[in-house]
Amino acid sequence: MQKPPVNSLNLDLLVALRDTLVKLEKEKCKGMILTSESPSVFSAGLDIMEMYRPDHNRARKFWTTLQDTWIKLYSSPYPTVAAINGHSPAGGCLLALSCEYRVMVGPKFTIGLNETQLGIVAPFWFQDCMRNAIGERQAELALTLGKMFSVDEALKVGLIDEIAKDKADAISKAEDFLDEQSGLPALARSTVKVAFREATLNRLLKNREADTKMFLDFISMPKVQQALEMYMQTLKKK
Amino acid sequence: MQKPPVNSLNLDLLVALRDTLVKLEKEKCKGMILTSESPSVFSAGLDIMEMYRPDHNRARKFWTTLQDTWIKLYSSPYPTVAAINGHSPAGGCLLALSCEYRVMVGPKFTIGLNETQLGIVAPFWFQDCMRNAIGERQAELALTLGKMFSVDEALKVGLIDEIAKDKADAISKAEDFLDEQSGLPALARSTVKVAFREATLNRLLKNREADTKMFLDFISMPKVQQALEMYMQTLKKK
Amino acid sequence: MQKPPVNSLNLDLLVALRDTLVKLEKEKCKGMILTSESPSVFSAGLDIMEMYRPDHNRARKFWTTLQDTWIKLYSSPYPTVAAINGHSPAGGCLLALSCEYRVMVGPKFTIGLNETQLGIVAPFWFQDCMRNAIGERQAELALTLGKMFSVDEALKVGLIDEIAKDKADAISKAEDFLDEQSGLPALARSTVKVAFREATLNRLLKNREADTKMFLDFISMPKVQQALEMYMQTLKKK
């Protein structure tokens with residue numbers, strides 16, 4: 001991802017991600033490493049500019065493209081690794097959680113689904129991804145608090161799989177994971193992967209429209225627009 | 001809980017607990033710590049006097065009040081902590097498991113769903129609470145055995161979250177947990193909590209009457225009454 | 001299991017296992033230890049000779065007997081322990097996973113569901129058993145890779161419960177587990193066990209015929225027969 005400064009997931013970046021994922025699948029990709037060009041942020045998550053004073057049609061397209069991107073990434077037949085070389089809150093954490101393996105650069109970056117701290121609720125499929133990674137108990141604790149994990153905490157709870165010294169080391173460890181997978185019979189491997197992810201995928205596939213409506217209703221609330229306005233003024237002062 | 005000597009959960013204590021939980025919810029409580037006035041027992045669990053030579057109507061009221069108490073505690077919008085300052089078997093363990101966080105005084109107390117050891121079966125929603133806390137594998141192992149965990153074992157398996165030196169330390173650690181939650185947007189926090197607990201809650205809500213009938217049938221069995229009688233004679237000798 | 005050289009699960013061994021399990025249940029067995037007469041292999045898993053140039057009727061009987069064996073073992077009312085005194089791939093791992101407790105002789109043996117490495121897909125009930133033992137995250141990682149765990153890795157991830165020095169030590173530790181269970185009220189114990197295993201059992205019970213058909217279709221594919229032929233030639237050279 002190379003959308004300066006912080007890889008905010010706006011409609012353009014999501015379309016680019018989704019199109020890349022579709023292309024990789026068609027081209028029988030052998031493996032993918034998801035990382036960031038930024039020196040300090042993996043992805044800052046959903047771009048709130050897409051939610052502020054929204055145009056209905058664009059907002060709907062934004063959300064369905066986010067769903068499409070996740071569906072493609074989460075169910076990809078080829079192996080996927082996140083080389084998390086910077087902070088990874090909310091939607092950034094979702095992207096990392098949707099890969100098969102997570103290597104994170106230590107020690108100063110943080111990762112987590114912190115929506116609760118912002119007064120919003122992580123969609124159920126974000127919740128499912130966290131639950132699948134760290135288990136029911138730790139996921140409930142993390143999401144009620146909107147906890148951002150340090151790299152050490154993330155490793156301990158199973159939110160990441162390995163710690164790297166820097167980006168080069170993260171890429172190298174990610175390549176080791178892909179090398180381990182590369183000798184495997186591809187069809188058996190991808191069939192097992194999808195078997196494990198099927199229930200979680202189907203939950204969104206069966207509730208896509210309701211999930212989209214919930215997002216559109218949410219950003220239509222005057223209270224939410226006020227909160228976004230205040231939040232952006234805080235950012236400007238920084 | 002302050003029903004000497006061991007906070008046995010009889011109809012009176014359950015009614016008091018349920019009414020308190022209803023009141024706290026109405027009064028927009030910011031957080032609750034559940035603890036015991038007893039120096040050695042958090043709660044001894046369900047009062048077997050409610051099961052011995054039962055009056056049908058009272059027994060039904062006893063069980064449905066237990067269900068109501070659990071539903072209110074497990075789904076409370078405000079954060080809940082158990083400061084477990086004594087032994088916590090069976091129904092006592094259920095109360096602790098239904099809070100969001102568990103601090104337990106070490107080293108000599110024990111906690112667990114030990115129903116199997118008494119020849120009875122923990123209801124499915126007790127099982128669900130244990131599974132949500134410590135995972136499928138450890139929950140099956142614990143419940144088939146009716147295992148009472150030492151404080152160290154409980155921490156290791158994830159049945160409790162922290163160990164405290166004494167009651168004051170447990171309360172202090174419980175307050176730290178509540179402080180961490182207190183700055184959070186309340187609606188987002190409680191929405192996430194209920195999203196995580198919904199499936200477990202609905203399983204009881206959809207099977208309340210069957211669950212009640214199972215309890216009433218169980219205590220109507222002559223074998224069960226004989227076992228209760230023998231058990232009470234053992235207690236008297238102590 | 002004492003079918004030299006490696007306890008391959010062919011129709012004869014499966015019939016013997018299933019009949020023994022049925023008999024143990026009828027005779028109100030107090031506990032069972034599953035182990036191997038081989039000094040280096042617990043069980044090598046399904047016998048590929050049952051899949052090579054198959055007779056349709058025998059192949060169907062082979063698969064349904066495997067299902068029956070698993071159903072009986074997984075839902076046995078009496079406690080079960082695997083004393084894993086040798087390598088335990090694929091179907092051998094399934095047998096171990098279906099017991100209530102696993103003691104494994106270290107340090108040189110390995111255990112895992114390695115089907116993916118052979119280009120095949122572990123049936124969904126094999127996947128469920130692994131997920132129940134080590135959780136969603138680790139099970140997905142293990143099965144996409146077809147990972148064989150060393151004894152230390154298996155202990156760390158929860159795939160086994162204890163390490164033993166040798167077979168005698170494994171049997172002794174298995175007996176300790178059974179001793180711990182032996183004083184328990186048998187009906188309560190088995191009711192809790194089946195309550196925990198019900199969802200997993202029902203998933204196969206409701207899909208038995210589809211599961212059998214999938215196996216029969218799979219071994220009917222020319223590609224699969226070619227792969228089996230090549231695999232057997234490799235074995236002959238050894």
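In the set C:L9, C:L21, C:L14, only one residue is farther than 19 Å from C:A90 by Cα and open to solvent by less than 20 Å² (accessible area, probe 1.4 Å); that residue is C:L21. Whether a residue is in contact with a Phe, Trp or Tyr (Cβ under 8 Å, 6 or more places away or on another chain), within 13 Å of another protein chain (Cβ to nearest Cβ) and surrounded by fewer than 17 Cβ atoms within 10 Å (Cβ to Cβ) was assessed, and B:R197 does not pass this test. Of the residues examined, B:A186 is not one that is buried (at least 17 other Cβ atoms within 10 Å of the Cβ), within 14 Å of chain A (Cβ to nearest Cβ), small (G, A, S) and touching a residue at least 24 places away in the same chain (Cβ under 8 Å).
Of everything in the stretch B:88-107 that is of a type outside the set (A, V, I, L, M) and within 21 Å of B:S190 (Cβ to Cβ), the residue that is surrounded by the most Cβ atoms within 10 Å (Cβ to Cβ) is B:R102. Assessment of the stretch A:72-87 against the conditions (open to solvent by less than 40 Å² (accessible area, probe 1.4 Å) and part of a helix (DSSP H, G or I)) yields at least one matching residue. Within the stretch B:173-183, can one find any residue that is in contact (Cβ under 8 Å) with a residue 12 or more places away in the chain, polar (S, T, N, Q) and either within 14 Å of chain A (Cβ to nearest Cβ) or open to solvent by 30 Å² or more (accessible area, probe 1.4 Å) (or both)? There is at least one residue in the stretch B:173-183 that is in contact (Cβ under 8 Å) with a residue 12 or more places away in the chain, polar (S, T, N, Q) and either within 14 Å of chain A (Cβ to nearest Cβ) or open to solvent by 30 Å² or more (accessible area, probe 1.4 Å) (or both).
May I ask you to list the residues in the stretch C:24-34 that are part of a helix (DSSP H, G or I) and open to solvent by 70 Å² or more (accessible area, probe 1.4 Å)? If the condition is that a residue be part of a helix (DSSP H, G or I) and open to solvent by 70 Å² or more (accessible area, probe 1.4 Å), then C:K26 is the only one that fits.
Output yes when any residue across the stretch C:36-53 is open to solvent by 20 Å² or more (accessible area, probe 1.4 Å), closer than 19 Å to C:L155 by Cβ and within 15 Å of the chain's Cα centre (by Cα), and no when none is. No, the stretch C:36-53 has no match at all.
Just one of the listed residues (B:A164, B:A154) is of a type in the set (A, V, I, L, M) and more than 17 Å from the chain's Cα centre (by Cα), and it is B:A164.
Considering the stretch B:54-71, and only residues there that are open to solvent by less than 20 Å² (accessible area, probe 1.4 Å) and among the β-branched types (V, I, T), the residue that is farthest from B:I171 (Cα to Cα) turns out to be B:T65.
Could you please tell me which pairs satisfy a Cβ distance under 9 Å, a separation of 6+ or placement on different chains, a first residue in the stretch B:3-32 that is closer than 23 Å to B:R189 by Cα, and a second residue that is acidic (D, E) and open to solvent by 60 Å² or more (accessible area, probe 1.4 Å)? Cβ pairs passing all conditions: B:G31/B:E175; B:G31/B:D179.
Take the residues in the stretch C:108-162 that are touching a residue at least 24 places away in the same chain (Cβ under 8 Å), open to solvent by 40 Å² or more (accessible area, probe 1.4 Å) and at the interface with chain A (Cβ under 7 Å from one of its Cβ atoms); name whichever of them is farthest from B:V157 (Cα to Cα). The residue in question is C:I120. With respect to the conditions (1) farther than 30 Å from B:G119 by Cβ; (2) within 12 Å of another protein chain (Cβ to nearest Cβ); (3) surrounded by 13 or more Cβ atoms within 10 Å (Cβ to Cβ), C:Q225 falls short on a single one, namely (2). Checked against the criterion of being among the aliphatic types (A, V, I, L, M) and within 14 Å of chain C (Cβ to nearest Cβ), the stretch B:54-76 has no qualifying residue.
The values are calculated or read from the model by the stated rules, or taken from the named source; none is laboratory data. Just so it is clear, the structure is predicted and the values come from calculations on it, not from any experiment. Note: ideal-geometry Cβ built from the backbone for every residue, glycine included; neighbour counts use all protein chains shown. When the accessible area is computed, the model is the full protein with side chains, heavy atoms only, and any ligands, DNA or RNA have been set aside. Shrake-Rupley method; radii C 1.70, N 1.55, O 1.52, S 1.80 Å.
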